[in-house]
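Q: Following this message is one structure expressed as structure tokens.
The values are calculated or read from the model by the stated rules, or taken from the named source; none is laboratory data. Fair warning: this is a prediction, and the values are worked out from it, not measured in the lab. Don't worry about glycine lacking a Cβ; one is built from the backbone with ideal geometry, like all the others, and counts go over all protein chains shown.
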Amino acid sequence: MNITLSNGKTIPVEMHRARIVQKITLPPVARRLQAIEEGGYNTFLLRNRDVFLDMLTDSGTNAMSDNQLAAMMVADDAYAGSESFYKLAAAVKDVLGFDYTMPVHQGRAAEHLLAKVFVKPGDVVPMNYHFTTTKAHFELAGATVLEIYGPETLNTQSTELFKGNIDLRRFADAIKKYGADKIPFVRMEATTNLVGGQPFSLRNLHQVKELAAQHHIPLVFDGSLISENAYFIKQREEGYADKSISEIIREMASLADIYYCSGRKSTSVRGGMIATNSKDYYDRLRVWLVVYEGFPTYGGMSIKEVDAMAVGLREMTDFSVAGSAPEFIQYFVGRLLENGVPVVTPAGGLACHVDAARFLAHLPQSQYQAGALAAAIYIASGVRSMERGTISMDRDAQGNEVYADLELARLALPRRVFTLSQIEYAVDRLTWLYQHRHLVKGLRFVEEPPVLRFFFGRLEALDNWGAELAKAFESDFGPHC
Ligand SMILES: *Cc1c(COP(=O)(O)O)cnc(C)c1O
């Protein structure tokens with residue numbers, strides 16, 4: 001919860017006690033240099049033991065609550081008909097309002113099933129913005145992803161509060177251009193991940209739904225980060241300040257024909273699901289659910305996680321839970337702005353996004369600014385961030401580089417995991433790095449997988465800049481920091 005201090009400053013205060021903790025270590029800079037070289041300058045390939053603050057992702061890394069852990073202890077392990085499933089289905093009904101719930105092993109499995117059932121070669125899938133796994137699944141099914149965001153979405157220095165909105169005129173144009181029969185559904189992603197965790201407004205969601213319904217186009221809602229989006233609606237959208245997170249979530253979900261999510265985000269577990277009120281959709285999806293995931297009462301998830309997800313769904317409607325990551329991110333972004341470090345504004349959900357295109361403006365995009373920045377942040381701090389830029393795009397069919405709209409180094413803040421002093425540490429080292437940014441040069445692939453190359457690709461530092469950066473760091477802070 002944000003608390004205003006007597007000096008007028010606002011700080012986020014943790015609304016929980018840390019009863020179980022995990023020890024971490026800060027490897028010295030020489031080891032960090034060695035580790036990033038062993039990992040091919042790809043932060044995905046670092047071993048966690050070499051990481052001080054793991055801000056790679058919020059996926060599956062939120063701190064679970066005592067009630068979630070307790071629920072796991074009483075899970076009903078059964079292949080079919082588990083009570084745990086019925087608890088999940090009841091939570092989905094209460095929190096989101098859907099009659100049919102299908103657990104899947106994680107969010108991308110839901111995308112796989114949706115692609116399998118609804119997407120045909122030649123189709124066009126409009127959405128506010130793609131997510132990596134979404135794009136991969138829909139394109140593998142032969143469709144084209146069409147991003148129809150508004151004019152401010154890609155502006156990293158914006159004051160627009162709802163950069164996750166769909167541009168209605170572009171949506172109408174797409175329907176006219178391709179025809180509704182080529183559009184299997186329109187997809188709205190809550191707290192739009194790849195453009196900086198930016199929310200959409202409920203007003204926009206209502207308008208998208210209305211236009212889609214006029215053309216009999218179903219609305220597919222990616223609710224992986226729905227509670228953060230609901231928090232932003234409460235904070236930012238006119239008419240919602242007095243509504244509860246629960247009411248806002250309910251209103252959002254009521255507009256979805258099909259809802260799916262990665263349970264690894266807002267619900268703080270490892271799993272995912274699809275939910276709907278349409279018996280027809282349910283029947284069509286269920287056929288493939290058993291083929292690819294598992295029996296519909298566990299869907300490839302551990303039953304323990306099914307129980308924890310039921311609790312997590314209810315807990316994400318708590319204001320202090322929904323706001324815990326956004327408030328820390330707002331603080332993090334605000335402190336970096338004070339120090340002149342280029343970050344994405346407004347602060348979003350899930351992560352603090354550093355704008356690598358401005359941070360490393362001396363590098364061309366072909367040298368992977370975001371990847372170079374993520375590696376440099378690790379060398380300078382032991383903080384692991386994620387590249388969200390051109391490395392996260394795959395080459396086109398002709399082998400040409402596809403440049404990302406944005407070059408971002410994403411510092412995720414999983415819920416309830418980090419403390420304010422750890423954020424201050426990251427702010428300090430990022431500021432130091434910004435002052436020494438001229439030492440950071442580009443990267444070049446030495447091993448490049450064809451699909452989702454950001455996971456396993458190995459790169460090298462041009463002109464061995466990693467060693468230069470480590471040397472400058474050591475001369476300022478000594479060998480043990
Ligand atoms: C994480 C995420 C996914 C994919 O979910 P996984 O559980 O990682 O497979 C899909 N959409 C959004 C918005 C996400 O954040």
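Q: For region 464-476, indicate whether the set of residues that are more than 18 Å from ALA380 (Cβ to Cβ) and over 24 Å from the mean Cα position of the chain (by Cα) is non-empty. Show your work before the answer.
A: Here is the first cut: in region 464-476, the ones more than 18 Å from ALA380 (Cβ to Cβ) are none.
No: region 464-476 contains no residue that is more than 18 Å from ALA380 (Cβ to Cβ) and over 24 Å from the mean Cα position of the chain (by Cα).
Q: I would also like to ask the following. Here's a check for you: in region 294-319, which residue that is crowded, with 22+ Cβ neighbours inside 10 Å and closer than 10 Å to MET102 by Cα is farthest from the ligand (Cβ to nearest atom)?
A: For region 294-319, the residue satisfying everything is THR297.
Q: Got a sec? Which of MET386, MET393 is under 20 Å from SER59 (Cβ atoms) and modelled with pLDDT under 95?
A: Values: MET386 fails: modelled with pLDDT under 95.
The match here is MET393.
Q: Can you report the number of residues in region 173-206 which are in contact with a Phe, Trp or Tyr (Cβ under 9 Å, 6 or more places away or on another chain), more than 16 Å from the ligand (Cβ to nearest atom) and over 26 Å from GLY122 (Cα atoms)?
A: The qualifying residues number 4.
Q: Filter region 245-288 down to residues that are within 16 Å of the ligand (Cβ to nearest atom), over 16 Å from the mean Cα position of the chain (by Cα) and surrounded by fewer than 23 Cβ atoms within 10 Å (Cβ to Cβ), then give me how many there are.
A: Residues flagged as within 16 Å of the ligand (Cβ to nearest atom), over 16 Å from the mean Cα position of the chain (by Cα) and surrounded by fewer than 23 Cβ atoms within 10 Å (Cβ to Cβ) within region 245-288 amount to 1.
Q: Applying the selection to region 42-53, what residues are crowded, with 18+ Cβ neighbours inside 10 Å and either within 16 Å of the ligand (Cβ to nearest atom) or outside the structural domain of ILE20 (by TED's automatic domain parsing) (or both)? Walk me through how you get there before you give the answer.
A: Step one: of region 42-53, the residues crowded, with 18+ Cβ neighbours inside 10 Å are 42-43, 46, 50-53.
Across region 42-53, there are no qualifying residues.
Q: Name the residue that is nearest to the chain's Cα centre (by Cα), counting only residues in region 433-457 that are surrounded by fewer than 16 Cβ atoms within 10 Å (Cβ to Cβ) and within 18 Å of ARG384 (Cα to Cα).
A: Selected residue: PHE455.
Q: List the residue pairs whose Cβ atoms are under 8 Å apart, where the first residue sits in region 105-124 and is in a helix (DSSP H, G or I), the second is acidic (Asp, Glu) and more than 9 Å from the ligand (Cβ to nearest atom), and the two are 6 or more positions apart or on different chains.
A: Sorted first by the residue in region 105-124, then by its partner, the pairs are ALA109/GLU293; LEU113/GLU293.
Q: For region 142-169, give me each residue that is away from the ligand (no atom under 16 Å from the Cβ) and either among the small types (Gly, Ala, Ser) or free of Cβ contacts under 8 Å to residues at least 24 places away in the same chain (or both).
A: Selection gives GLY142, ALA143, THR144, GLY150, PRO151, GLU152, ASN155, SER158, ASP167, ARG169.
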